[in-house]
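Report on one structure; see the data block that follows.
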Amino acid sequence: MAMFSFDTVAARTFGGACLVLDKNSNPHIAYAGDRGHLMLTTRDVNGGWIYELVPGKGLVGGQDSRVCLQIDSEGNPHIAFYDYDSDRLIYRFKRNYLWEETPIPTSRFGDPRGVSGFDFRLHSGRINPELRDTPYFTFHDLTTNSLGFTRKVAGQFKRILLIPEDNVWNIGKHPSMVFEGDYETLLIAYIEELEDYTANPPHTRVRVTRIDDPSKGIVGFTSLLESGRFKIAGPTSITGATEWCVAYDDQTNRKLKASVFDLSLTEIHNEIVTDTVFPVVPSVARDPMIRGGYRIAFSDATKTSLN
């Protein structure tokens, strides 16, 4: 049986770690340092770690804040995080050994409330070379309580509301996204909550929406995975393409749940993965050895598990 080996990368952190492997399988980790400053570390050829304080203003916003790291086709790091100081989504990337920062248009009229939850990916460009390394963002826009999306079009980011604002529902909370294979089309998993502050737990819906044309915000099918009175307070996780799996934590009932869409099934299959004690952030990955098989990793403070 294979055993995990452990390596302490940083003695003190503030949370928000994200691990990716480059095309040579070298690990890169972006995280918040002990004061909330954005850090990047990479393993060197001798097995040690190279640390870099990513320049620029802003602090990663707390233990539950997300840091998203991607490595482009030339080995350059791209990092997105929620800035505690400005309440905005910050995107930084390295090019020619220098860090650059580009503002992400997430809220209307530059409203400082920004976003609540986001996800970030780089396009592989295998089928559409012109899109290679193009950054894609999805987010919950607090100024409209709606699901938003942006990617570069003609060199500029354009804010698009994929699911328009609604006076009753908070749409697009805790989003996660995945490309459908090597194509431009996307799948986005997210949470909707009814705006009824007297209801505890709230009326909640879990959905997956396909984006057929991200540059214009053209929405394809939307699937309802679950609807009921429960609370989700952490990001969802999605993997797959034509077939997919979404994992999410039902905090009200203390259940880690998964929904699977398989072409061999007549409808979406929902199941309880395990009971939980504390809130969890799941991460789901496709099992390449089993058709329709998935693995889910999570930690709920009492244990770290892989199912």
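For the full complex of protein chains and a 1.4 angstrom probe, list 88, 159 by accessible area with the highest value first. Spell out each step's value before the answer.
Working: 88 90, 159 70 Å².
Greatest to least solvent exposure: 88, 159.
Cross-link candidates for residue 94: which lysines have Cα within less than 19 Å, leaving aside residues fewer than 8 places away along the same chain?
Cα-Cα hits under 19 Å: 23, 57, 152.
To the nearest µm²/s, what D does Stokes-Einstein give for region 134-254 at 20 °C and 1.002 mPa s, using the Kirkwood radius over alpha carbon pairs as Rh?
Calculated translational D: 146 µm²/s.
Test of understanding: express the Cα radius of gyration of the chain as a ratio to 2.2 N^0.38 Å, with N the residue count.
Taking N as the residue count of the chain, the ratio is 0.98.
Can you list the aspartates and glutamates whose alpha carbon is less than 16 Å from that of residue 255, not counting same-chain residues fewer than 8 positions off?
In chain and number order, the partners are 226, 271, 275, 300.
Which percent of the accessible area of the chain is formed by carbon and sulfur heavy atoms (probe 1.4 angstrom)?
Carbon plus sulfur share of accessible area: 51 percent.
Given the convex hull over the Cα atoms of region 147-204, what projected area results after averaging over all orientations, in nm²?
5.1 nm²
Quick one: among 225, 40, 53, which has the greatest mean-square fluctuation in a GNM of the chain with alpha-carbon springs under 10 angstrom?
Of 225, 40, 53, the most mobile in the Gaussian network model is 53.
Treat each spin label as a single point 7 Å out from the Cα along the C-beta direction, and report the residue 126 to residue 99 distance in nm.
Here the modelled spin labels are 3.2 nm apart.
Ranked by accessible surface with a 1.4 Å probe, highest first, in what order do 18, 245 come?
Putting 18, 245 in descending order of accessible area: 18, 245.
Hey, can you grab everything whose amide H is under 5 Å from the amide H of residue 186? Only 5+ residues off in sequence or another chain; H modelled, so Pro and N-termini drop out.
180, 211
Which one of 187, 161, 19 has the biggest mean-square fluctuation once the chain is modelled by GNM with Cα springs under 10 Å?
19
Mind telling me which of 79, 50, 268 comes out most flexible in a GNM of the chain, alpha-carbon contacts under 10 Å?
50
Among 59, 214, 279, whose Cα projects farthest towards the positive end of the dipole of the chain, with charges put on the beta-carbon of Lys, Arg (+1) and Asp, Glu (-1)?
It is 59, whose Cα lies furthest towards the positive end.
In debye to the nearest 20, how big a dipole does the chain give about its Cα centre with +1 on each Lys and Arg Cβ and -1 on each Asp and Glu Cβ? Mind dumping the intermediate values first?
Working: 33 positive and 39 negative charges, 65 e Å.
Dipole of the chain, to the nearest 20 debye: 320 debye.
Averaged per residue, what accessible area in Å² does the chain show with a 1.4 Å probe, protein chains only? Let's see the in-between values first.
Working: 15820 Å² over 307 residues.
Per-residue value: 52 Å².
At a probe radius of 1.4 Å, what is the per-residue accessible area of residue 60, in Å² to the nearest 10?
We get 0 Å² for residue 60.
The values are calculated or read from the model by the stated rules, or taken from the named source; none is laboratory data. In this text, all values refer to a predicted model and were calculated from it rather than measured experimentally. Note that each Cβ is placed from the backbone with ideal geometry, even for glycine, and that neighbours are counted across all protein chains shown. SASA here: full protein model, heavy atoms, side chains in, ligands and nucleic acids out. Shrake-Rupley method; radii C 1.70, N 1.55, O 1.52, S 1.80 Å.
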